[in-house]
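Taking it in order: structure first as structure tokens, then the write-up.
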Amino acid sequence: MSDNCLFCKMVKGEIPTEKIYEDDQLLAFWDISPQAPKHFLVIPKKHVSGPGDLAVEDDGMIGALVRKGAELGAEQGISDCRLVINNGAQAGQTVFHLHLHVLGGRQLTWPPG
Ligand code: 5GP
Ligand code: ZN
């Protein structure tokens, strides 16, 4: 846990979320500023600032995070979805607690902006 981290505060229940899913290691909730008709985030409960902060012992957790993102997407009606991890400020990361974006519900374009 990191005291000043927005997503850690969500994990601790200090900031409310529109929760979709929770287990012992993951939390999924709707994004406050959706970029597609359906847009939610899947985060590890453990504070990891981003992909570069992952340890070997996190390999199982990151696998579960991606698998759960796709599974929840299908449950939410977006089996065709984009799974995105922004890694670093220049890549668009604004919250430095690892999170997987799951977006869908419209035709998504490539390349991203
Ligand atoms: P990033 O830009 O770091 O990849 O993604 C951070 C995401 O967190 C953004 O899509 C942003 O809309 C979302 N976000 C930021 N603050 C909040 C919040 O207070 N609640 C929720 N549900 N999402 C948030
Ligand atoms: Zn955190």
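Some points to look at:
- Single condition Thr17 does not satisfy, out of (1) away from ligand 1 (no atom under 11 Å from the Cβ); (2) β-branched (Val, Ile, Thr); (3) open to solvent by 30 Å² or more (accessible area, probe 1.4 Å): (1)
- Positions within the stretch 59-113 being among the basic types (Lys, Arg) and more than 16 Å from the chain's Cα centre (by Cα), in sequence order: Arg106
- Breaking point among (1) open to solvent by less than 10 Å² (accessible area, probe 1.4 Å); (2) modelled with pLDDT under 95; (3) not small (Gly, Ala, Ser), for Asn4: (1)
- Condition met for Asp31 (open to solvent by less than 40 Å² (accessible area, probe 1.4 Å) and away from ligand 1 (no atom under 14 Å from the Cβ)): no
Conditions tested, residue by residue: (1) within 17 Å of Met1 (Cα to Cα); (2) in contact (Cβ under 8 Å) with a residue 60 or more places away in the chain; (3) touching a strand residue (DSSP E or B) at 6+ places or on another chain (Cβ under 9 Å); (4) open to solvent by 30 Å² or more (accessible area, probe 1.4 Å).
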{"site": "Leu26", "(1), (2), (3), (4)": "yes, no, yes, no"}
{"site": "Ile43", "(1), (2), (3), (4)": "yes, no, yes, no"}
{"site": "Pro51", "(1), (2), (3), (4)": "yes, no, no, yes"}
{"site": "Val56", "(1), (2), (3), (4)": "no, no, no, yes"}
{"site": "Met61", "(1), (2), (3), (4)": "yes, no, yes, no"}
{"site": "Gln76", "(1), (2), (3), (4)": "no, no, yes, yes"}
{"site": "Gly88", "(1), (2), (3), (4)": "no, no, no, no"}
{"site": "Gly104", "(1), (2), (3), (4)": "no, yes, yes, no"}
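- Meets criteria (in contact (Cβ under 8 Å) with a residue 24 or more places away in the chain, at positive phi and assigned to a loop (DSSP other than H, G, I, E, B)) for Gly13: no
The values are calculated or read from the model by the stated rules, or taken from the named source; none is laboratory data. The shown structure was predicted, so the numbers you read here are calculated from the model rather than taken from an experiment. Ideal geometry is used to build each Cβ from the backbone, glycine not excepted, and the neighbour counts take in all protein chains shown. Heavy atoms of the whole protein, side chains included, go into the accessibility calculation; ligands, DNA and RNA do not. Shrake-Rupley method; radii C 1.70, N 1.55, O 1.52, S 1.80 Å.
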